[in-house]
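To keep things clear, I will list the structure first and then write my remarks on it.
The values are calculated or read from the model by the stated rules, or taken from the named source; none is laboratory data. Note that the structure is predicted; figures quoted are calculated from it, not measured. Heads up, the Cβs are rebuilt from the backbone with ideal geometry, glycines too, and the neighbour counts pull from every protein chain shown. Heads up: the accessible areas ignore ligands, DNA and RNA and are worked out on the full protein's heavy atoms, side chains in. Shrake-Rupley method; radii C 1.70, N 1.55, O 1.52, S 1.80 Å.
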Amino acid sequence: MVFHPQYLESFLKTQHYLLQMDGPLPLHYRHYIGIMQLLKTEENSWSLAELIHAVVLLTHYHSLASFTFGCGISPEIDCEGGHTFRPPSVSNYCICDITNGYHAVDEIHASPTGSVPSVCEVEALMEKMKQLQECRDEEEASQEEMATRFEREKRESMFVCSSEDEESAPTRDVSRHFEDTSYGYKDFSRHGMHVPTFRAQDYSWEDHGYSLVNRLYPDVGQLLDEKFHIAYNLTYNTMAMHKDVDTSMLRRAIWNYIHCMFGIRYDDYDYGEINQLLDRSFKVYIKTVVCTPEKTTKRMYDSFWRQFEHSEKVHVNLLLVEARMQAELLYALRAITRYMT
């Protein structure tokens with residue numbers, strides 16, 4: 001996260017407050033919740049404030065797992081299936097090599113197959129962004145058409161496998177952590193079953209979730225809100241070797257695609273842009289990191305945005321972390337709100 005200091009400062013403030021500062025849960029409860037896989041029902045019921053604290057902690061650690069595996073931080077390189085995601089950058093060295101005193105000047109930015117990828121990859125993506133912006137300016141899709149495009153994207157996201165090559169996935173026995181060995185991520189819509197869409201206009205973080213969290217767990221709502229905004233708006237106006245680039249369209253496509261996977265729809269967004277900007281290998285990576293992070297492989301990481309800096313891929317992971325956390329919180333907080341009313 002040190003690649004992005006503004007976000008890191010916000011993240012550390014939030015984590016410190018959740019685990020160390022005043023709050024309804026005792027300190028040892030907080031750490032215990034942080035390492036749980038399931039929350040069991042006890043005879044002694046919790047207060048709403050304690051429940052909010054627990055929900056925020058669980059979503060914090062769920063999303064942190066996505067960031068950890070998505071950036072190749074764990075497992076260690078010398079463990080079975082261990083790997084690290086530090087490919088050579090466009091400029092033939094990685095910032096991590098500079099800080100360690102190494103210069104990979106003889107390296108080339110090779111694709112997973114060993115061939116040198118086309119240098120037009122970045123330009124092609126920038127051209128799509130330009131064309132989409134021009135289409136926005138000329139004509140706006142109707143509400144009916146945008147709703148249809150959302151349903152199509154939501155349905156298609158169910159068929160994006162979270163791991164294209166099971167044999168390449170690291171061997172990680174996580175079943176020993178569960179009493180129920182079948183526990184794990186499942187798509188919310190399966191076998192043609194229709195699931196109602198979660199309309200952000202009916203329950204959003206800005207209008208509903210933020211105030212509920214802040215009312216029952218003071219200051220945490222503000223910390224989370226700051227972290228969401230930093231991740232969503234973070235930009236250096238660069239794409240690989242290009243400068244002075246407006247990346248807002250791309251960042252919004254990534255964020256909204258993650259929410260779309262969880263059935264959350266924004267009425268003012270044209271979901272047709274997602275297929276234009278995010279190719280299949282990128283979608284596979286996103287779904288794996290967000291839904292089954294332990295299956296993330298170096299091949300997936302290398303196969304998307306091959307011309308981009310390592311720090312830019314870390315930036316993508318920050319978007320994945322916060323979009324996932326906000327999606328989880330929206331469902332949990334909406335349920336708590338309904339219980340209260």
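Only a single criterion out of (1) open to solvent by 10 Å² or more (accessible area, probe 1.4 Å); (2) farther than 27 Å from Ser204 by Cβ is not satisfied by Lys313, namely (1).
The C-beta contact set for segment 131-147 (first residue under 17 Å from Thr247 (Cα atoms), second residue part of a helix (DSSP H, G or I) and charged (D, E, K, R), distance under 6 angstrom, 6+ apart or interchain) comprises Leu132/Glu273.
For segment 265-276, a residue qualifies if it is surrounded by fewer than 18 Cβ atoms within 10 Å (Cβ to Cβ) and under 18 Å from the mean Cα position of the chain (by Cα), and exactly one does: Asn275.
Yes/no per residue for (1) touching a strand residue (DSSP E or B) at 6+ places or on another chain (Cβ under 9 Å); (2) part of a loop (DSSP other than H, G, I, E, B); (3) β-branched (Val, Ile, Thr); (4) at pLDDT 80 or above:
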residue	(1), (2), (3), (4)
Ala124	no, no, no, yes
Lys130	no, no, no, yes
Gln133	no, no, no, yes
Glu151	yes, no, no, yes
Lys154	yes, no, no, yes
Phe159	no, yes, no, no
Glu164	no, yes, no, no
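The criterion of at least 3 residues that are in contact with an Asp or Glu (Cβ under 9 Å, 6 or more places away or on another chain) and at pLDDT 70 or above is met, among helices (runs of 4 or more DSSP H) falling completely within segment 1-115, by 5-20, 48-70. Considering every residue within segment 261-280, establish whether at least one is assigned to a strand (DSSP E or B) and over 21 Å from Met129 (Cα atoms). Within segment 261-280 (the criterion being assigned to a strand (DSSP E or B) and over 21 Å from Met129 (Cα atoms)), the answer is yes, since at least one residue qualifies. Here Met325 meets each of (1) in contact (Cβ under 8 Å) with a residue 40 or more places away in the chain; (2) at positive phi with one exception, condition (2). For segment 211-245, the candidate set comprises residues that are free of Cβ contacts under 8 Å to residues at least 24 places away in the same chain and of a type in the set (D, E, K, R); within that set, the residue that is surrounded by the fewest Cβ atoms within 10 Å (Cβ to Cβ) is Asp244.
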